[in-house]
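**Q** One structure is given below, represented as structure tokens, and several questions about it will come after.
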Amino acid sequence: MSQQKDKQPIFVIQKHDATSLHYDFRIEVDGVLVSWAVPKGPSTDPSDKRLAMQMDDHDLDYANFEGVIPEGEYGAGTVLVWDQGTYRNLKEGSDAPSVAQQIEDGHATIWLEGNKISGGYSLIRIATGEDERWLLVKMDDDEADARRNPVSTEPDSVKTGRSLDEIREEEAPEDD
Ligand code: MN
């Protein structure tokens, strides 16, 4: 299978009101969405280190999912596409490690081009095993801004403009 060299891989951040509210940060790597659950969501402040728990990879087409996952199913709750866009590997050059390799090595640096979130981010693995714990940290670049707090000031869907409540009302299965 030939790679589409010109096509930038995507990322998505899904706000997920499940057992507890969190943000699923997913990046396209080799045809799947490598995924982390970030309880506090991404920060634009380089001094914040946001805990990110690595989760199972998801199918690429899940990046556009917004709606209600029924009770009893994995991830039951409401999902909102909080931000999406493309990203690129910040390590450049012919002998630079791929993002897949960087994730394997436990330290990846990528540049995000989203609507709410942009600029360089580091993903740093801090614990392995059953609980793969990482930190998601904004790099100190032109897109860094300690005064912004998009998680609270821009809470709604980047795709449809809806809030979690509106998605719940519109997409909840009807009771008979
Ligand atoms: Mn989730």
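The values are calculated or read from the model by the stated rules, or taken from the named source; none is laboratory data. On a predicted model such as this, the values are computed, not experimentally measured, just so you know. Cβ placement follows ideal geometry from the backbone for every residue including glycine, while neighbour counts extend to all protein chains displayed. Accessible surface areas use protein heavy atoms only, side chains included; no ligands, DNA or RNA. Shrake-Rupley method; radii C 1.70, N 1.55, O 1.52, S 1.80 Å.
**Q** Could you list, in sequence order, the residues of segment 112-143 that are farther than 19 Å from Ala37 by Cα, open to solvent by 20 Å² or more (accessible area, probe 1.4 Å) and either in a strand (DSSP E or B) or modelled with pLDDT under 95 (or both)?
**A** Residue satisfying the conditions is Glu113 alone.
**Q** Restricting attention to segment 9-22, which residues are more than 8 Å from the ligand (Cβ to nearest atom) and open to solvent by 10 Å² or more (accessible area, probe 1.4 Å)?
**A** Answer for segment 9-22, where residues must be more than 8 Å from the ligand (Cβ to nearest atom) and open to solvent by 10 Å² or more (accessible area, probe 1.4 Å): Pro9, Ile10, Lys15, Asp17, Thr19, Ser20, Leu21.
**Q** Now for a separate question. Quick check on segment 92-107. Is at least one of its residues away from the ligand (no atom under 16 Å from the Cβ), under 16 Å from Lys7 (Cα atoms) and part of a strand (DSSP E or B)?
**A** no
**Q** Of the residues Tyr62, Tyr74, Tyr23, which is under 25 Å from Arg162 (Cα atoms) and over 13 Å from the mean Cα position of the chain (by Cα)?
**A** Just one listed residue meets the conditions, Tyr74.
Okay, residues lined up against (1) closer than 21 Å to Gln84 by Cα; (2) without any contact (Cβ under 8 Å) to a residue 60 or more places away in the chain:
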site: Leu136; (1), (2): yes, no
site: Asp141; (1), (2): yes, yes
site: Ser152; (1), (2): yes, yes
site: Asp156; (1), (2): yes, no
site: Gly161; (1), (2): yes, yes
site: Leu164; (1), (2): yes, no
site: Glu169; (1), (2): no, yes
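**Q** Only one residue in Ser47, Ser35 is more than 22 Å from Ala172 (Cβ to Cβ) and over 17 Å from the mean Cα position of the chain (by Cα), so which one is that?
**A** None of the others qualify; the one that does is Ser47.
**Q** Within segment 25-36, how many residues are more than 11 Å from the ligand (Cβ to nearest atom), in a strand (DSSP E or B) and either open to solvent by 50 Å² or more (accessible area, probe 1.4 Å) or not charged (D, E, K, R) (or both)?
**A** 5
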